[in-house]
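S.K.: Mind looking over this structure? Questions follow.
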Amino acid sequence: MATHPGHPSVPDRSDGMMHGLDPAAEDRAQTAPAGAPSRGGTVADVLAELRGTLPDEALLTDPARLATYECDGLAAYRVTPGLVVLASTPEHVAATVRACARHAVPFVARGSGTGLSGGALPHAEGVLVVTSRLRTLHEVSAADQRAVVDPGVINLQVTKMATPEGYYFAPDPSSQQICSIGGNVAENSGGAHCLKYGFTTNHVLSLDIVTPDGDQVTLGTRAPDAPGYDLVGAFVGSEGTLGVATRATVRLVRLPQEVRTVLAGFAGTDEAGAATSAIIAAGIVPAAIEIMDALAIEAAEAAVSCGYPAGAGAVLVVELDGARHEVADEYAAVERICRQEGAFEFRMATDAAERAAIWKGRKSAFAAVGRISPDYIVQDGVVPRTALPEVLRQMTRISAEQGVRVANVFHAGDGNLHPLVLFDGSKAGETERAEAVSGMILDLCIEHGGSITGEHGVGSDKAKYMPRMFTDDDLDTMQLVRCAFDPHGIANPGKIYPTPRLCGERSGRRQGAHPLQEAGLGEVF
Amino acid sequence: MTHKQVRLGMPGVRGQDEPAFDSLRPPSPELVDDCVHCGFCLTTCPTYALWGEEMDSPRGRIHLMKTGLEGAPLSDTMVGHFDACLGCMACVTSCPSGVQYDRLIEATRAQVERRHDRTPKDRALRSAIFALFPYPRRLRILRGPLRLTQRLGADRLLRRSGLLERLSPQLATMQSLAPQLGKAEPTPERTPAVGERRAVVGMLTGCVQREFFPGVNAATARVLAAEGCDVIAPRSQGCCGALSTHTGREEEGRAFARALIDTFTAAGVDHVVVNSAGCGSSMKEYVHLLADDPDYAQRAADFSARVRDFAEIIAELGPVAPRHPVEAVAAYHDACHLAHAQGIRSQPRELLRAVPGLEVREIPDSEICCGSAGVYNVLNPEPARELGDRKAANILSTGAELLVTANPGCLMQVATSLERSGRRIRLAHTALVLDASIRGVPLETI
Ligand SMILES: Cc1cc2nc3c(=O)[nH]c(=O)nc-3n(C[C@H](O)[C@H](O)[C@H](O)COP(=O)(O)OP(=O)(O)OC[C@H]3O[C@@H](n4cnc5c(N)ncnc54)[C@H](O)[C@@H]3O)c2cc1C
Ligand code: SF4
Ligand code: SF4
């Protein structure tokens, strides 16, 4: 395995996916079905077809330029794409995908490249379709509570444009200052405020997509709750495996009348966790409820001097929003509960600047960990809220046993953990140990009835963990959905599923038909 | 000059060409590795805002450096993306991981200047710029009527380079904005403190500042004196070297730096005050620029620690001189080399807000560069113009009648863009506004 000396964030797990090797060729060999339009096509064929159709400057072939697209936010995996297309119109996307379909060449969509699961990892023999130039905000309609945006529009931009009208876009990943709406849709991204307002899927009404055949279709309608299958729901969270979104109609949410953000300092995560449970048990649904442990606080302080309570073993950030009198009541209850559970300091932000200061520490925490550790893995797992204290205790035990530091930042309200596993890749064995700890944490989540990803997606990184959570039958059934959209397996192949399914053929693993097919309930496409 | 190549033991996957960097101060692999590839810097990068492509973003440029350290060649394309960087350092501000892009790009530019073959036309343009800008006496000729400027054009080097054609829209604007540009009043070598003396400060008079905005230097000295500073402006001082250093002409930059350190050391001052953001930021970087120079490393460190921006020193001392009203609606523009490179944002705003009668408005997308960026607007006129136009539109959207900023380059750039849009608003350096307020004279008379 080739190594990158001191690569930025996570260990090199790119076995066989490095430059020079060709994972895409393998994928194609397995997925290109009999009767595919044109077999054995290459990126060169796609390029030849696109020259003349797309402007020259939209087609990147220079090795230096291609190299800058070799990874997303998970920089451990690096594959130089065969071709990068910088689309400026939905038609550019459609033309590219059509050419890929014709030549059975894989394509991968990419927004801002902040994904943390290697979802936008390119194929060496494939095309990377970049949406960062598709960044027009077509419409912000307060009366309709809708915004219509290009896929490359930045999440925070939607909120900025809607704020003067009294609205905002609720899904707020920590990366909101740069991640794209297309990426949010593909990853079903969430953020601190998803506890009360839901994930991206709850905020998308309609999508224009380019299907893996290159057709431009519209899923859903501007009006809520269209009849028929919820295809928007199927597309959201599909991680680029069902096509490329080229336009989204999203819901805007009214800015609350009152927002109060509080910061409470506790001796440790046990106390902060207990306070969380007590707040929810009291019938309060805060807009956000977040915990950071001592290590995460240390990193955030180093990065943005957020001025969290000195000596805190954990801080709890609670945001209450809604009607003024309601927030005032809830605030009183939250203060009482926090003090009961041992908060030694309790502060409320009195203005927008103070609120921003509290959130700044929280939102910069991931990237800030770079200040206290040369390398780290951002893990993402979910557990039922009630299991939080136990899982955190187990995590502390694993961390101590393995001698690997783990910082914790998490959406406590919905049990979405973001353990940050710290290591120094230049020291022998540390990378492997960190990897192992990271895997153990996921096992812990599964054991406690949780999941291997809350919001960062499966991508390239977690495909191997899918069988720990799902049976072969489950995985095959999911792939039947994928085959319905992408019969030739060219849309972001190699992501989500550990073993690519052969659409139109029997699965490599299974002998005999899928039980759903045998029962006459499912069909092979 | 040949240097040993950096060898990191990487397999030769990047082709057979010579690697991008040699061992003479390449961009530091450790600093490159601080980047966690999160992309948080993308939206504030002016070139990403313009073109929406990875290789013209901070993350992409750092990635190019990384591939260069791994053995990728210094191709024309790679150099093109480094050249397109404005050096505005917005990425340094927005990076939560504390990546020191400023040091990375400076090291990269020095390697590019030393090792990359530029086209003859590009080379000529660059030589012409550096034969002109750092020298106030040569710049002075540009101030005159265009007729005089044409005399300069007779110079073969300048003619071949096309520099004057590129400069002329700006020169024309400057002349129309400041028709009174007469004989520049030299700043007195010594201006005594008014009232109790609180500090002895040296003052950089700068090149562009001194020749094009002489009123700013005079106002700076008066305000400093009013706030209790003895102001020493040594006549013998030269250029700070910012333009050279920021463009990769390291040796030239070092020579300027050593000379300036000598001048101000001899003057025996507590602080060196700078009213031009670009100069101030480069003087604060002398500590890195001269770190490998055994004779100057320590002196450079001491010197850099004494450098203060004009607004910074007044905020630090605490303003004492009484203010008179200045009735105006102003927009404050953050010069990149003040806000991003020196982290000075609140001080000038607070000083302005403390002026009675002055309303200070914020400019949308204030963190994005106006496109001036040292000599960037001369080297890359097209993107610079586009950024200037965006900035002009954002400034006009505030409805302000006065634009205040602290950098001569920004003033020229923004003035040119506003002129192009057919709108005019008055422009003033922070020092001019404070001077008017302290002296109780209307802004127009300055
Ligand atoms: C510091 C940091 C903090 C983060 N915090 C959060 C967080 O709090 N919550 C959270 O949910 N995520 C978080 N993320 C992860 C990431 O920002 C989100 O997954 C985001 O939605 C990805 O958007 P992107 O534009 O960068 O997509 P990319 O990384 O470019 O792509 C992500 C996936 O989407 C697909 N895709 C992109 N565009 C399209 C399209 N138009 N059509 C179809 N598929 C497409 C790609 O193929 C890929 O599979 C964080 C990341 C970082 C670096
Ligand atoms: S210095 Fe400015 S132009 Fe250069 S990469 Fe950073 S933000 Fe972009
Ligand atoms: S914000 Fe900092 S760490 Fe993140 S990509 Fe930009 S330079 Fe790298």
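S.K.: Considering only region A:61-78, how many residues are more than 10 Å from chain B (Cβ to nearest Cβ) and within 13 Å of ligand 1 (Cβ to nearest atom)? Break it down stepwise before answering.
M.R.: Step one: of region A:61-78, the residues more than 10 Å from chain B (Cβ to nearest Cβ) are A:61, A:77.
Cutting the leftovers down to within 13 Å of ligand 1 (Cβ to nearest atom) gives us A:77.
So the count comes out to 1.
S.K.: Taking the options B:Ser57, B:Ser127, name whichever one is within 9 Å of ligand 2 (Cβ to nearest atom) and among the hydroxyl-bearing types (Ser, Thr, Tyr). Before you say what the answer is, go through the steps one by one.
M.R.: Numbers: B:Ser127 fails: within 9 Å of ligand 2 (Cβ to nearest atom).
Of B:Ser57, B:Ser127, the one residue that is within 9 Å of ligand 2 (Cβ to nearest atom) and among the hydroxyl-bearing types (Ser, Thr, Tyr) is B:Ser57.
S.K.: Within region A:159-196, track down each residue that is within 16 Å of ligand 2 (Cβ to nearest atom) and buried (at least 22 other Cβ atoms within 10 Å of the Cβ). Walk me through it before giving the result.
M.R.: If we filter region A:159-196 for residues that are within 16 Å of ligand 2 (Cβ to nearest atom), which is where we start, we get A:177-178.
Of everything in region A:159-196, just one residue is within 16 Å of ligand 2 (Cβ to nearest atom) and buried (at least 22 other Cβ atoms within 10 Å of the Cβ), namely A:Ile178.
S.K.: Among the residues of region B:73-108, which ones are of a type in the set (D, E, K, R) and surrounded by fewer than 23 Cβ atoms within 10 Å (Cβ to Cβ)?
M.R.: Going residue by residue through region B:73-108, those that are of a type in the set (D, E, K, R) are B:76, B:83, B:102-103, B:106.
Scanning region B:73-108 gives B:Asp76, B:Asp83, B:Asp102, B:Arg103.
S.K.: Here's a check for you: in region A:134-147, which residue that is within 12 Å of chain B (Cβ to nearest Cβ) and without any contact (Cβ under 8 Å) to a residue 60 or more places away in the chain is surrounded by the most Cβ atoms within 10 Å (Cβ to Cβ)?
M.R.: We begin by selecting, within region A:134-147, every residue within 12 Å of chain B (Cβ to nearest Cβ); these are A:134-136.
Cutting the leftovers down to without any contact (Cβ under 8 Å) to a residue 60 or more places away in the chain gives us A:135-136.
Details: A:Arg135: 18, A:Thr136: 14.
Looking at residues that are within 12 Å of chain B (Cβ to nearest Cβ) and without any contact (Cβ under 8 Å) to a residue 60 or more places away in the chain, I get A:Arg135.
S.K.: Quick check, is A:Ala192 outside the structural domain of A:Ile280 (by TED's automatic domain parsing) and either aromatic (Phe, Trp, Tyr) or more than 19 Å from A:Asp414 (Cα to Cα) (or both)?
M.R.: Working: outside the structural domain of A:Ile280 (by TED's automatic domain parsing): yes; either aromatic (Phe, Trp, Tyr) or more than 19 Å from A:Asp414 (Cα to Cα) (or both): no.
No; evaluated as a whole, the condition is false for this residue.
S.K.: What number of residues within region B:58-85 are within 24 Å of B:Glu382 (Cβ to Cβ), at the interface with chain A (Cβ under 7 Å from one of its Cβ atoms) and not hydrophobic (A, V, I, L, M, F, W, C)?
M.R.: 3
S.K.: Here's another thing I want to ask about it. Give just the number: which of (1) surrounded by 17 or more Cβ atoms within 10 Å (Cβ to Cβ); (2) away from chain B (no Cβ under 14 Å); (3) modelled with pLDDT of 65 or more does A:Arg51 not satisfy?
M.R.: The number of the failed condition is (1).
S.K.: Right, another one. Kindly evaluate B:Cys88 against the criterion of being within 14 Å of ligand 2 (Cβ to nearest atom), outside any helix (DSSP H, G or I) and more than 9 Å from chain A (Cβ to nearest Cβ).
M.R.: Values: within 14 Å of ligand 2 (Cβ to nearest atom): yes; outside any helix (DSSP H, G or I): yes; more than 9 Å from chain A (Cβ to nearest Cβ): yes.
Yes.
S.K.: Something else: Across region A:148-163, what is the number of residues that are within 11 Å of chain B (Cβ to nearest Cβ) and in a helix (DSSP H, G or I)?
M.R.: 4
S.K.: Only one of B:Arg14, B:Arg25 is at pLDDT below 95 and facing chain A (nearest Cβ under 9 Å); which? Show your work before the answer.
M.R.: Numbers: B:Arg25 fails: facing chain A (nearest Cβ under 9 Å).
Answer to the check: B:Arg14.
The rows are residues; the columns are (1) away from ligand 1 (no atom under 15 Å from the Cβ); (2) without any contact (Cβ under 8 Å) to a residue 12 or more places away in the chain; (3) away from every other protein chain (no Cβ under 14 Å); (4) within 11 Å of the chain's Cα centre (by Cα).
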site	(1), (2), (3), (4)
A:Pro173	no, no, no, yes
A:Ile178	no, no, no, no
A:Gly190	no, no, yes, yes
A:Asp225	yes, yes, yes, no
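S.K.: Mind telling me which of the residues B:Gly60, B:Gly98, B:Gly80 ends up being within 11 Å of ligand 3 (Cβ to nearest atom), part of a helix (DSSP H, G or I) and more than 20 Å from the chain's Cα centre (by Cα)? Write out each step before concluding.
M.R.: Working: B:Gly98 fails: part of a helix (DSSP H, G or I); B:Gly80 fails: within 11 Å of ligand 3 (Cβ to nearest atom).
So the residue among B:Gly60, B:Gly98, B:Gly80 that is within 11 Å of ligand 3 (Cβ to nearest atom), part of a helix (DSSP H, G or I) and more than 20 Å from the chain's Cα centre (by Cα) is B:Gly60.
S.K.: So which of A:Ala94, A:Ala58 ends up being farther than 30 Å from B:Ser97 by Cβ, within 11 Å of another protein chain (Cβ to nearest Cβ) and in contact with a strand residue (DSSP E or B) (Cβ under 6 Å, 6 or more places away or on another chain)?
M.R.: Details: A:Ala94 fails: within 11 Å of another protein chain (Cβ to nearest Cβ).
Just one listed residue meets the conditions, A:Ala58.
S.K.: Mind listing just one residue for me: the one in region A:148-158 that is over 21 Å from A:Ile358 (Cβ atoms) and of a type outside the set (A, V, I, L, M) and, of those, surrounded by the fewest Cβ atoms within 10 Å (Cβ to Cβ)? Give the steps one after another, and end with the answer.
M.R.: Keep residues of region A:148-158 that are over 21 Å from A:Ile358 (Cβ atoms), which gives A:148-154, A:157-158.
Checking the rest, the ones that are also of a type outside the set (A, V, I, L, M) come to A:150-152, A:157.
Values: A:Asp150: 25, A:Pro151: 28, A:Gly152: 24, A:Gln157: 20.
Among those residues, the one meeting the criterion is A:Gln157.
S.K.: Within region A:364-382, identify whether any single residue is surrounded by fewer than 17 Cβ atoms within 10 Å (Cβ to Cβ), part of a helix (DSSP H, G or I) and in the same structural domain as A:Ala288 (by TED's automatic domain parsing), and answer yes or no. Break it down stepwise before answering.
M.R.: Of all residues in region A:364-382, those surrounded by fewer than 17 Cβ atoms within 10 Å (Cβ to Cβ) come to none.
Looking through region A:364-382, none of the residues is surrounded by fewer than 17 Cβ atoms within 10 Å (Cβ to Cβ), part of a helix (DSSP H, G or I) and in the same structural domain as A:Ala288 (by TED's automatic domain parsing).
S.K.: If you don't mind, there's one more thing I want to ask. Among the residues of region B:88-105, write down those that are in contact with an Asp or Glu (Cβ under 8 Å, 6 or more places away or on another chain) and more than 16 Å from ligand 1 (Cβ to nearest atom).
M.R.: The initial filter retains those residues of region B:88-105 that are in contact with an Asp or Glu (Cβ under 8 Å, 6 or more places away or on another chain), namely B:89-90, B:92-94, B:97-100, B:102.
Once the filter is applied, which keeps residues that are in contact with an Asp or Glu (Cβ under 8 Å, 6 or more places away or on another chain) and more than 16 Å from ligand 1 (Cβ to nearest atom), region B:88-105 yields B:Met89, B:Ala90, B:Val92, B:Thr93, B:Gln100, B:Asp102.
S.K.: Of the residues that sit in region B:63-77 and are more than 16 Å from ligand 1 (Cβ to nearest atom) and in a helix (DSSP H, G or I), which one is nearest to B:Glu113 (Cα to Cα)? It would help to see each step written out before you state the result.
M.R.: Of the residues in region B:63-77, the ones more than 16 Å from ligand 1 (Cβ to nearest atom) are B:64-77.
Next, only the ones that are in a helix (DSSP H, G or I) stay: B:64-69, B:76-77.
Working: B:Leu64: 17, B:Met65: 15, B:Lys66: 18, B:Thr67: 19, B:Gly68: 15, B:Leu69: 17, B:Asp76: 12, B:Thr77: 15 Å.
Here the answer is B:Asp76.
S.K.: Among the residues of region A:385-404, is there at least one that is part of a strand (DSSP E or B) and crowded, with 18+ Cβ neighbours inside 10 Å?
M.R.: Step one: of region A:385-404, the residues part of a strand (DSSP E or B) are none.
No, region A:385-404 contains no residue that is part of a strand (DSSP E or B) and crowded, with 18+ Cβ neighbours inside 10 Å.
S.K.: Among the residues of region A:452-477, count how many are touching a Lys or Arg at 6+ places or on another chain (Cβ under 9 Å) and buried (at least 16 other Cβ atoms within 10 Å of the Cβ).
M.R.: 11
S.K.: Of the conditions (1) more than 19 Å from B:Gly215 (Cβ to Cβ); (2) among the charged types (D, E, K, R); (3) crowded, with 18+ Cβ neighbours inside 10 Å, B:Arg420 clears all except one; give me its number.
M.R.: The number of the failed condition is (3).
S.K.: Still on this structure, I have one more. Hey, could you check region A:121-133 for residues that are of a type outside the set (Val, Ile, Thr) and within 11 Å of another protein chain (Cβ to nearest Cβ) and say which is nearest to ligand 2 (Cβ to nearest atom)?
M.R.: First pass over region A:121-133, keeping only residues of a type outside the set (Val, Ile, Thr): A:121-126, A:128, A:132-133.
Narrowing the set further to residues that are within 11 Å of another protein chain (Cβ to nearest Cβ) leaves A:128, A:132-133.
On the way: A:Leu128: 22, A:Ser132: 15, A:Arg133: 17 Å.
Within region A:121-133, the match that is nearest to ligand 2 (Cβ to nearest atom) is A:Ser132.
S.K.: Could you pull out every one of the strands (runs of 3 or more DSSP E) wholly within region A:45-139 that has 2 or more residues that are outside the structural domain of A:Val378 (by TED's automatic domain parsing) and over 22 Å from the mean Cα position of the chain (by Cα)? If you could, list the steps in order and put the result at the bottom.
M.R.: Details: elements: A:83-86, A:107-110, A:127-130.
Correct list: A:83-86.
S.K.: Within the set of pairs 6+ apart or on separate chains, which have a first residue in region B:353-382 that is within 14 Å of chain A (Cβ to nearest Cβ), a second that is within 16 Å of ligand 3 (Cβ to nearest atom) and among the small types (Gly, Ala, Ser), and C-beta atoms under 9 Å apart?
M.R.: These pairs meet every condition: B:Asp365/B:Ala49; B:Glu367/B:Ala90; B:Glu367/B:Ser94; B:Ile368/B:Ala49; B:Ile368/B:Ala90.
S.K.: If I filter region A:295-325 down to residues being touching a residue at least 60 places away in the same chain (Cβ under 8 Å) and among the small types (Gly, Ala, Ser), which single residue comes out as farthest from A:Ala368 (Cα to Cα)?
M.R.: A:Ala323
S.K.: So how many residues does region B:31-57 have that are within 7 Å of another protein chain (Cβ to nearest Cβ) and assigned to a helix (DSSP H, G or I)?
M.R.: 5
The values are calculated or read from the model by the stated rules, or taken from the named source; none is laboratory data. What you are looking at is a predicted structure, and each value in this text was computed from that prediction instead of being measured. No Cβ is skipped: glycine too gets one built from the backbone with ideal geometry, and neighbour counts run over all protein chains shown.
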